[in-house]
Amino acid sequence: MAIKRITRRWLFNSFGVIVVIILVIEVAAGLGISNYYYNSVRQALLSRADSAGVVFARYAEDKTQDFQTQVRDYVTSFPAKDKMEMMVLAGEGEILYTSSGFEPDDKATLDDYRAALVSQDRSGYFVGRMGQERVMAVTMALSLPGSGVSAVRFLVSLTHVDRQIAWVISGLVLLGCVILLLVLFSSSYFINSIVNPVGEVGETARRIAQGDFRARLAKKNDDEIGELCDIINYMAEELGVAETMKNDFISSVSHELRTPLTAIQGWGETILSDEGEDKETLQKGMKVIISETDRLSSMVEELLDFSRMQSGRLKLILSRMDPVAELSEAVIMYTERAKRDGITLVYEEGDIYAPIRGDKNKIRQVFVNVIDNAIKYSDHGGTVTVSAEILSGKLVITVTDTGIGIREDDLDKIKTKFFKANSTRRGSGIGLAVADEIITRHNGTLEVDSRYGEGTAVTITLPIMKKQDELAEIDDAGEGTP
Ligand SMILES: Nc1ncnc2c1ncn2[C@@H]1O[C@H](COP(=O)(O)OP(=O)(O)O)[C@@H](O)[C@H]1O
Ligand SMILES: [Mg+2]
């Protein structure tokens, strides 16, 4: 389709215009050339008529010889008489003498004579058909009073001149055709050099659209089409990466969900077979079941948040809240886990009061996520330090660990969705993406600083509520509950 359309457009726009231009040039050149030829013939005839007029005037002055005889001799011995006919006219156009010896039967062709009699320069001119052939006649009126001669006339056949003009015009037409052919050739080469790659680009784009992210275009020229190829290749690469990430995400999420389910199932079966006889086992089992269920639901919550975030539907329920309280709760949640994994969890809670306007649950989820990462990416014997302080009017929360760290190359990618720098540990790779989004929506910042093999520090900064806003909020709440 593309081939046809571009070619057709070119035919109409460029080629059509060139054809018209060449046609106009050819017609103008043709007219100019035939004018030129006719003019030269006319000039030649005029100059012959002029010189005949001069000679006849001399004859008229020469009284020693008979004027009529001299004129007749001149005409009959006219040297170019095989090329043209010379006539001497009188009165109404009667032919006195003619070099051919025959009188023409077509009197209408004496237009030039009549014109010469009235014209200022005493000459008349006629081009037209006489019998079978086209002729040109030039008449020069003479003023030789009393001589009986009133004009000299030359008549020439245009057959030869017309043929010559036809030759030249044919040459021009041929030249025009050659030019058009050249244009056609070079343009079709050019058009093909666009249309063919465009076709290939389209074909590859279709393959990519159908899911073949390994399809690549060969860049042939360093032009706009080459750039397009580069862009499409880049797009395919990015799509491929996204596809792999998505697949990895699905498999790691499934894995994540299976682990707590296995624990729940295992403990459930144990308790069932035990028939609740051993109180201690029952207690322990129930605890695990509850904590694993918690883990499952927070995972599902995170997935839902992620999906809402992706579709722009993540809503925050804002109210005045104390983030430090949420932080303490998150730390408590992980105390048991840290102990189990042999990690020292240090909580440096300054005696601070820093209310913010935010979503309680979401903020806690962010802390849980960050602490979870710190413990998850630390090895046995490591230390995770959680601290909260107020720095230049902002609440700054830091979670530092002595874990495996993050490579410098990966550092700016870890906040992107599905990205996991370390695929050996469990995780879906969306935690930090969601956390970053939540903190940003609270006008805060989440920064990750890390040294590979040494540890990581995550710093969350949140703007503290101003005193007057806080009072207004309390007032609002007061009015709401009478
Ligand atoms: N404290 C940390 N120490 C080392 N690596 C970390 C830490 N926090 C995050 N990362 C890296 O960043 C990636 C993204 O984190 P996250 O979005 O929470 O995904 P997940 O925890 O599910 O793997 C992790 O896979 C991990 O490679
Ligand atoms: Mg995580």
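The values are calculated or read from the model by the stated rules, or taken from the named source; none is laboratory data. Just so we're clear, the structure is a prediction, and the values are computed from it rather than from any experiment. Note that we place each Cβ from the backbone using ideal geometry, even for glycine, and neighbour counts take in every protein chain shown.
Brief remarks on what is shown
- Any hit, segment 406-421, residues being among the polar types (S, T, N, Q), at pLDDT below 95 and farther than 14 Å from I371 by Cα: yes
- Exactly one residue out of I95, I33, I21 is under 29 Å from A137 (Cα atoms), of a type in the set (V, I, T) and out of contact with any helix residue (DSSP H, G or I) (no Cβ under 8 Å at 6 or more places or on another chain), and it is I95.
- Checking I439, I371 one by one, the residue that is part of a helix (DSSP H, G or I), within 12 Å of ligand 2 (Cβ to nearest atom) and surrounded by 18 or more Cβ atoms within 10 Å (Cβ to Cβ) is I371 and no other.
- Some residue of segment 192-210 being assigned to a loop (DSSP other than H, G, I, E, B) and modelled with pLDDT of 90 or more: yes
- G266 falls short on exactly one of the conditions (1) surrounded by fewer than 17 Cβ atoms within 10 Å (Cβ to Cβ); (2) closer than 30 Å to I397 by Cβ, and that condition is (2).
- Among the residues of segment 354-392, those that are of a type in the set (A, V, I, L, M, F, W, C) and within 11 Å of ligand 1 (Cβ to nearest atom) comprise V366, V368, V370, I371, A374, I375, V384.
- Test: residue in segment 146-164 that is assigned by TED's automatic domain parsing to the domain that holds G101, at pLDDT below 90 and in contact with a Phe, Trp or Tyr (Cβ under 8 Å, 6 or more places away or on another chain): yes
Residues are listed down the side, and each one gets a yes or a no for (1) assigned by TED's automatic domain parsing to the domain that holds S251; (2) surrounded by fewer than 21 Cβ atoms within 10 Å (Cβ to Cβ); (3) within 10 Å of ligand 1 (Cβ to nearest atom); (4) assigned to a helix (DSSP H, G or I):
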{"site": "K417", "(1), (2), (3), (4)": "no, yes, yes, no"}
{"site": "T424", "(1), (2), (3), (4)": "no, yes, yes, no"}
{"site": "V434", "(1), (2), (3), (4)": "no, no, yes, yes"}
{"site": "D449", "(1), (2), (3), (4)": "no, yes, no, no"}
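- Condition check for L89: more than 30 Å from V195 (Cα to Cα), in contact with a Lys or Arg (Cβ under 6 Å, 6 or more places away or on another chain) and surrounded by 11 or more Cβ atoms within 10 Å (Cβ to Cβ): yes
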